[in-house]
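Remarks on the structure that follows.
Just so you know, all these numbers are worked out from the coordinates, no wet-lab data involved. As the structure is a prediction and not an experimental result, all values here were calculated from the model. Ideal geometry is used to build each Cβ from the backbone, glycine not excepted, and the neighbour counts take in all protein chains shown.
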Amino acid sequence: MKVSGFTFIRNAVLYDYPIVEAINSILPLCDEVVVAVGKSDDNTLELIQGIKSDKIKIVETHWDDTLRQGGRVLAVETDKAYAAIAKDSEWAFYIQGDEVIHEKYIPVIRESMEKYLNDKKVDGLLFNYLHFYGSYDFVGTSSNWYPHEIRVIRNNPEIYSYRDAQGFRKGEDKKLHVKAVDAFVYHYGWVKPPEAMQRKQETFHKLWHSDKWVDQNIVKPGGFSYENHVKSLRPFKGDHPMVMQDRIKKKNWKFDYDISFNNKTIKDRFKDFLKRSLGLDFSYRNYIKL
């Protein structure tokens, strides 16, 4: 079984993306990892070149910043990396620049890849998600966080990145058929120094909206205020991936949150009740579970 990893990145240093940790977290499962590195305003290329592995394959790209509708440029960059993986790889492991796989899940992911390798009905593997917010000690629990997404796909030219690169489709806009894997993706996109988060907010929205919309809708204080955007969190009681330990030790900002201030909507509370009592899940599904 041959497995290729793939990802894309731009301005990783400027916006404090844990891209090196993301790549290192999937290296044990991959025979190669293709990284589409967009032309950046910092030393992102040198950062990726500094990863100590001969499995890394870098593809230098230029982002088309005019592709603003629905974050389309993110899917385009994902597809560039996916197109560059080895033709004889059976599986492709997609990881975004703020996502990390805990080493404890490596065996079960490999087992699932092997189990469904020859089952052509399976287009990919579906992962659970933990969305960290504000610090490494809290996880988001409101319904706006997506609970599952596809991160392993079959090496199939009919498969492509969908919309803003959160998931995948194939052929004529068909959802992928997937099997769930008992593993979590640790999403750290909302855990950054407030200054880096503010820079990201001011720039990232330009992938969806016009400069005028960003100027009118994105507040520009000295640093991002996590407290003003939080809805509902729970304390994280587990351990973080080993590749994240150094980054966590260097955390230099403080975020405390009293969960008694959680402000779940009535709609969210009703969804939680239905899920607990009847097992009903109303979350968005860009896939078909087998």
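Would you mind classifying the stretch 31-92 by shape? Square roots of the alpha carbon gyration tensor eigenvalues, ordered a ≥ b ≥ c; an a/c under 1.5 is rounded, otherwise it is prolate if a/b is larger than b/c and oblate if not. Provide the component values of the computation, followed by the final result.
Values: a/c = 3.15, a/b = 1.25, b/c = 2.52.
Cα axes put the stretch 31-92 in the oblate bin.
Rounded to two decimals, what ratio of Rg to Rh does the stretch 118-205 give with C-alpha atoms and a Kirkwood Rh?
Taking Rg over the Kirkwood Rh, I get 1.05.
Could you list 255, 93 in order of exposure, starting from the residue whose Cβ has the fewest other Cβ atoms within 10 Å?
255, 93
Indicate the gyration tensor shape class of the stretch 63-197 (rounded, prolate or oblate), computed on the Cα atoms with a ≥ b ≥ c the square roots of the eigenvalues: a/c under 1.5 is rounded; otherwise a/b larger than b/c is prolate and the rest oblate.
oblate
Given the pairs 104/192; 2/39; 2/87; 175/289; 57/250; 120/175, which span a C-alpha to C-alpha distance of over 21 angstrom in this model?
Check vs 21 Å cut-off fails for 104/192; 2/39; 57/250.
Take the alpha-carbon centre of the stretch 20-60, take the same for the stretch 118-172, and report the distance between them in whole Å.
After rounding, the separation between the Cα centres reads 20 Å.
How fast does the stretch 1-143 diffuse by Stokes-Einstein, in µm²/s, taking the Kirkwood radius from C-alpha pairs at 20 °C and 1.002 mPa s?
Translational diffusion coefficient: 132 µm²/s.
Can you give the translational diffusion coefficient of the stretch 63-120 in µm²/s, computed by Stokes-Einstein from the Kirkwood radius over Cα pairs at 10 °C and 1.306 mPa s?
The calculation lands on 113 µm²/s.
Under a point spin-label approximation (7 Å from Cα along Cα-to-Cβ), what is the residue 49-residue 203 distance to one decimal in nm?
If labels sit at residue 49 and residue 203, their model points lie 2.0 nm apart.
For a quick check: sort 158, 77 by the number of other beta carbons within 10 angstrom, fewest at the front.
The fewest-first ordering by Cβ neighbours comes to 158, 77.
Would you list 226, 17 from fewest to most Cβ contacts within 10 Å?
226, 17
Given the peptides 230-236, 191-197, arrange them by the average over their residues of other C-beta atoms within 10 Å, most packed first.
Per-residue mean Cβ counts within 10 Å order the peptides as 191-197, 230-236.
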